[in-house]
Each structure stands twice: as structure tokens, then as C-alpha cells.
Amino acid sequence: MEHKGTVRIETERLILRRFVRDDAPAAFKNWESDDRVTEFLTWPTYHDMRDTERIIDEWIASYKGLSFYQWAIELKEIGEPIGSISVVDQDERTKKVHIGYCIGSRWWRLGITTEAFRGIIPFFFDEVKVNRIESRHDPNNPHSGDVMKKCGLKYEGTLRQADWNNKGIVDTCMYGLLKNEWQLSEKQTL
């Protein structure tokens with residue numbers, strides 16, 4: 001892969017960008033302190049903004065590495081972040097990135113997460129030269145799977161008791177998109 005680091009990407013309604021320390025109050029308010037958001041995630045709801053500041057400081061330090069990808073999802077309309085999308089795992093040998101995302105519950109079902117995910121796909125295939133983009137979700141959180149499907153990822157199966165989140169040990173639904181599939185779908189839309 002040809003890593004580029006977390007670069008600014010703009011879509012119709014969103015700016016995907018690096019986090020800055022000043023984002024902490026919005027991140028805490030908009031999603032990190034929301035139990036509904038963290039229900040199916042692997043990190044707990046934050047009850048103290050110092051936890052948000054600490055994680056954002058970690059991300060800022062990690063931006064030095066070109067293989068680190070962590071975007072703030074900034075809604076242009078309000079000028080502040082309402083969620084995040086990132087590479088949560090990657091494999092150089094298979095040229096694979098695994099994408100994770102979350103967004104404040106106030107903005108659920110508005111197509112924002114889909115727009116953010118679609119926004120990073122061309123970057124990873126064209127610029128970073130990945131061969132596979134994958135993601136997964138808890139079967140009890142089907143709306144997350146809807147995002148994956150809308151972005152062109154194909155359902156590949158459910159792994160039984162193969163993951164862990166705030167619910168405990170859970171099944172996980174796997175989705176993937178290969179570069180050649182994406183290229184073919186892009187040609188068909190032209």
C-alpha cells in the first residue's frame with residue numbers, strides 16, 4: 001500500500017479531516033457521551049470530557065504515521081464534528097483496510113455515515129492502493145450493515161461469537177469490497 005495518512009476529503013455535506021484538540025467539546029457532546037452510539041461499539045460511553053481530550057490527543061500524535069487514518073466527520077451546516085470514521089485494522093500483505101465508524105444519534109438515518117464512507121473509498125483504492133475494504137457489524141445493529149451495502153460492500157457471512165463489543169461476545173456480520181468490483185461499478189455509473 002502507498003500510505004498517505006489522514007488527508008482532508010470533502011463531500012457534498014461533509015468535511016472529513018484530522019481531529020484537532022478544539023474538537024473535544026463537540027465530540028463529547030455529539031457522540032462520545034451518548035449510550036445509544038456506543039451500545040454496539042468496543043469502547044465505553046465517556047462520562048468525562050477528559051477522556052475525549054485524551055483520545056483526541058492520542059489521535060493527533062498518531063497523525064505523524066502515514067498509515068494512521070482517523071477522520072472527524074464535520075457537518076458543513078454546523079461546522080463541527082458529529083462523528084468519526086477510521087481504519088481500525090489493516091494488513092499490508094493482503095492490502096486490506098478495515099473501516100469503523102460512529103456518528104451521533106441525532107444524525108442517524110440521514111445518509112451522513114454512508115456519505116462519509118463513500119467519500120473515503122476512492123481515496124483508499126486510487127491513492128493508497130488497497131485491494132480490499134472491509135467492515136463488520138453486530139447483527140443486532142442492522143442499520144450499520146445498511147451503510148455498508150449502500151457503499152457497495154457485499155455481505156460475506158456471519159461469524160459466530162467472533163467479536164466483542166459493549167454487549168459482550170457477539171456474532172459479527174462481515175462485508176467486503178474489492179478494488180476490481182469497485183472499478184467495475186464506477187464504470188457502470190459513468
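The values are calculated or read from the model by the stated rules, or taken from the named source; none is laboratory data. Remember, predicted model here, so these are calculated numbers, not experimental data. Ideal geometry is used to build each Cβ from the backbone, glycine not excepted, and the neighbour counts take in all protein chains shown. Side chains included, ligands, DNA and RNA excluded: accessible areas come from the protein's heavy atoms. Shrake-Rupley method; radii C 1.70, N 1.55, O 1.52, S 1.80 Å.
Residue count for region 124-148, restricted to those that are open to solvent by less than 10 Å² (accessible area, probe 1.4 Å) and among the hydroxyl-bearing types (S, T, Y): 1. Specify the residue that is modelled with the lowest pLDDT; the eligible residues are those in region 154-185 that are touching a helix residue (DSSP H, G or I) at 6+ places or on another chain (Cβ under 8 Å) and either more than 18 Å from T42 (Cα to Cα) or assigned to a strand (DSSP E or B) (or both). Looking at the filtered set, the residue picked out is Q183.
Could you go through region 59-69 and let me know if any residue there is within 15 Å of the chain's Cα centre (by Cα) and more than 14 Å from H3 (Cα to Cα). Yes, region 59-69 has at least one match. Listed by first and then second residue, the pairs linking a residue in region 59-72 that is under 18 Å from I99 (Cβ atoms) to a residue that is open to solvent by less than 50 Å² (accessible area, probe 1.4 Å) and of a type in the set (D, E), with Cβ atoms under 9 Å apart and 6 or more places separating them unless they lie on different chains, are A72/D23; A72/E80.
With respect to (1) surrounded by 19 or more Cβ atoms within 10 Å (Cβ to Cβ); (2) out of contact with any strand residue (DSSP E or B) (no Cβ under 7 Å at 6 or more places or on another chain), the lone exception for T113 is condition (2).
Please go through region 45-96 and pick out each residue that is in a strand (DSSP E or B) and among the β-branched types (V, I, T). Within region 45-96, I73, I82, I85, V87, V88 qualify.
In region 95-120, the residues that are under 18 Å from S135 (Cα atoms) and of a type in the set (G, A, S) form Cβ pairs under 7 Å with partners that are open to solvent by 10 Å² or more (accessible area, probe 1.4 Å) and in a loop (DSSP other than H, G, I, E, B), at six or more places apart or across chains, as follows: G119/T11. Being within 15 Å of C102 (Cα to Cα), surrounded by 19 or more Cβ atoms within 10 Å (Cβ to Cβ), in contact (Cβ under 8 Å) with a residue 24 or more places away in the chain and more than 15 Å from the chain's Cα centre (by Cα) is a description that does not apply to F19.
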